[in-house]
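The values are calculated or read from the model by the stated rules, or taken from the named source; none is laboratory data. Predicted, not measured: the structure shown is a model, and the values here were computed from it. Every residue, glycine among them, receives a Cβ derived from its backbone with ideal geometry; neighbour counts consider all protein chains shown. These accessible areas exclude ligands, DNA and RNA; they are computed on the full protein's heavy atoms, side chains included. Shrake-Rupley method; radii C 1.70, N 1.55, O 1.52, S 1.80 Å.
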Amino acid sequence: MQTKARLPIGIENFEDIRRNGYYYVDKTALIKDLLEGSGSINLFTRPRRFGKSLNMNMLKYFFEYGSDPRLFEGLVVHAETQLCEKHMGRYPVISVTLKDVAGNDYDAALGMLRTIIGKEAMRFQFLLDSDVLTDLEKAAYEKLVTIDTTHQQFFSMSQEVLASGLLTLCNLLHKHYGQKVILLIDEYDVPLDKAQNYGYYDQMVSLIRSLFSQALKTNHSLALAVLTGCLRVSRESIFTGLNNLKVLSITNLQSDERFGFTDGEVRAMAEYYGCGDRFDMIKEWYDGYRFGNADVYCPWDVVNYLDLLRSEPDALPRPFWVNTSGNDIIRNFVQMAKAGTRRELESLINGEVIPKKINQELTYRDLYTSIDNLWSILFTTGYLTQRGREGDEVYLLAIPNREIRKIFIDQILEWFQQEARRDAPTLDAFCNAFAMGDAEAVEKQFNAYLSRTISIRDTSVRKNKKENFYHGILLGLLSHREDWYIRSNAESGDGYSDILVESEEEGIGIVIEVKYPDNGNKPLNAYDILEKGCKEALQQIDTKGYEEKLRQDGLETILKYGIACNRKKCRVLLQK
């Protein structure tokens with residue numbers, strides 16, 4: 001049996017993928033896009049984990065002197081014979097990634113930048129033996145690669161030398177080879193993001209502005225520059241006076257399929273690994289992003305889920321993308337949202353679209369200054385996508401897929417529980433009402449809680465998923481009682497009960513079954529629908545014997561609650 005290609009999880013080196021038997025989704029058409037496009041300096045903004053770093057590494061292996069044409073055999077660009085003859089392996093290439101510039105203070109970040117520029121400069125030590133460079137030019141190069149012997153890990157270049165480092169390398173390589181340079185800068189905006197988080201933003205903006213201004217604005221040794229990042233940072237911030245910058249954001253049509261996987265690419269990949277029967281599930285969870293006119297999947301999710309399926313054929317999809325960062329943007333958005341914004345968020349959760357004016361040119365300082373800016377950031381970073389326009393800057397925003405919907409709901413639940421815990425007396429009274437068998441008080445307070453959170457009414461969401469949402473709210477509220485032993489979806493009797501509570505001190509056990517009733521085609525009013533749901537829940541408790549586990553644990557007083565929820569209303573019945 002033929003061995004399948006390995007899945008390249010976390011591998012961003014193009015040569016490793018091509019030489020070592022990894023599956024590669026061909027994105028080499030990006031090379032032709034760049035060479036036939038109008039921009040000499042190109043900035044691609046895409047969310048994280050959409051293949052930016054791999055594409056940049058692929059560009060390096062195509063353009064750089066000494067490149068191996070065999071790496072591109074069988075790929076799309078290889079068919080462009082004239083293009084390959086003219087450009088493959090014909091340039092000096094400077095390639096840096098700034099994604100690791102994440103210092104807790106300016107000095108630490110400065111050291112990281114020195115190391116990045118210094119290590120890249122070390123690749124060109126042949127410049128010291130160049131016959132065409134002067135002693136002064138060689139001395140300028142030595143300043144880039146001199147090690148700080150006191151601290152070992154840092155290159156010793158001054159801030160002035162660092163700021164002109166990329167320009168210096170371009171000029172020296174251009175003169176040595178007699179050929180202009182290709183400059184690749186991956187994750188250009190990470191230093192600004194970290195600087196804003198840790199309080200040294202102004203210093204970092206000044207340094208990055210100087211670095212980019214010299215390397216991109218006044219650089220006559222530049223043949224082509226490509227930058228990638230998550231956000232399009234405003235020109236006033238770091239691209240001042242750079243008139244030849246071509247920004248290719250997630251709304252642009254050019255190269256719209258070059259980052260992320262297309263429907264056909266994912267289908268072919270799933271079939272290759274014998275997972276074609278999971279294609280619809282992959283699409284539901286990981287598709288839904290719209291870049292330009294292209295509908296794309298998140299590559300990180302697809303590759304990780306297919307890898308999981310190879311070892312666990314029955315595995316269900318998991319949120320891989322959202323677990324690669326802290327999701328601070330969502331958390332801050334939920335915390336800042338007022339009543340009107342929460343209503344809009346509710347619409348998004350329920351599968352609807354909302355029109356919003358999007359500003360794609362912000363500074364990192366502006367991110368959390370207003371809720372309007374946060375809508376723009378959610379869009380550009382991939383938490384929201386577009387389903388059309390209502391004008392030049394007004395987009396119809398939507399949540400892309402099941403994975404992102406889950407992270408919104410999880411963050412909303414977390415926020416809700418934090419808010420509820422601020423009023424400990426009310427939360428104590430709510431929990432005590434359960435133990436006292438006061439269904440009326442439970443219902444009144446739970447309705448009050450539900451009025452402050454979102455509701456689930458999306459018809460595309462399965463009924464059990466809606467029940468899980470309300471189950472999660474209730475579980476979080478009851479967990480306030482640290483003296484209670486609470487189990488969720490615990491095996492008891494002939495099934496799994498929603499919530500079991502044991503209060504040893506009071507000798508009380510509580511069984512809770514949550515329902516999201518659906519009236520189907522029957523003309524019932526809201527009260528009757530909820531009443532019917534409560535009775536079904538109580539009947540299920542008895543039929544399945546959910547109280548059995550509590551009795552085995554020695555609890556004689558058992559309280560059984562049927563709770564039915566629909567949108568922001570609930571009904572609570574206690575079995576008498």
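Rounded to the nearest 10 degrees, the inclination of helix 165-177 to the longest alpha-carbon principal axis of the chain is 40 degrees. Taking only Cα atoms, what is the 0 to 90° angle, nearest 10, from helix 339-349's long axis to the longest principal axis of the chain? Long axis of 339-349 versus the principal axis of the chain: about 80 degrees. FRET efficiency for the residue 272 to residue 488 pair, using the beta carbon distance and R₀ = 51 Å, is estimated at 0.85.
Residue 259 sits with roughly 0 Å² accessible to a 1.4 Å probe, with DNA, RNA and ligands left out of the calculation. The distance between label points at residue 79 and residue 369 comes to 4.9 nm (points 7 Å beyond Cα on the Cα→Cβ vector).
Available extension along the chain between residue 206 and residue 444 is 80.0 nm, counting 0.36 nm per residue and deducting the alpha carbon span.
Per-atom-type breakdown for the range 65-153 gives carbon and sulfur 49% of the accessible area (1.4 Å probe, protein chains only).
Is the shape of the range 144-196 best called rounded, prolate or oblate, per the rule: a/c under 1.5 gives rounded, else a/b larger than b/c gives prolate, else oblate, with a ≥ b ≥ c the square roots of the Cα gyration tensor eigenvalues? Don't jump to the answer; show the numbers that get you there.
On the way: a/c = 2.67, a/b = 1.23, b/c = 2.17.
Oblate, since a/c reaches 1.5 and b/c is not below a/b.
What separates the Cα centres of the range 537-576 and the range 105-152 is a distance of 71 Å. Cα centroid separation, the range 368-420 to the range 20-52: 26 Å. Expressed as a whole percent, the accessible surface of the range 329-466 that belongs to carbon and sulfur atoms is 46, based on a 1.4 Å probe.
Compute the acute angle (0 to 90°) between the alpha-carbon long axis of helix 106-122 and the principal axis of greatest extent of the alpha-carbon atoms of the chain; round to the nearest 10°. So the inclination is approximately 50 degrees. Rounded to the nearest 500, the helix-only mean residue ellipticity at 222 nm of the chain stands at -13000 deg cm²/dmol, with each DSSP H run of n ≥ 4 adding -39,500 (n - 2.57). Annotation: for a label point projected 7 angstrom from Cα along Cα→Cβ of residue 107, residues of the range 180-218 with backbone N closer than 19 Å are 195-196, 198-205, 207. The stretch between residue 504 and residue 16 holds 169.7 nm of extra length on full extension. This uses 0.36 nm per residue minus the Cα-Cα distance.
When nucleic acids and ligands are ignored and a 1.4 Å probe is applied, residue 131 ends up with an accessible area of around 150 Å². Using the empirical formula 2.2 N^0.38 Å as the baseline, the Cα radius of gyration of the chain reaches a ratio of 1.18. Between residue 540 and residue 339, the modelled label-to-label distance comes to 3.4 nm, taking each label 7 Å out from Cα in the direction of the beta carbon. Between residue 428 and residue 6, the simple spin-label model (points 7 angstrom out along Cα→Cβ) gives 5.9 nm. Over the chain, accessible surface divided per residue gives 45 Å², non-protein components excluded, 1.4 Å probe.
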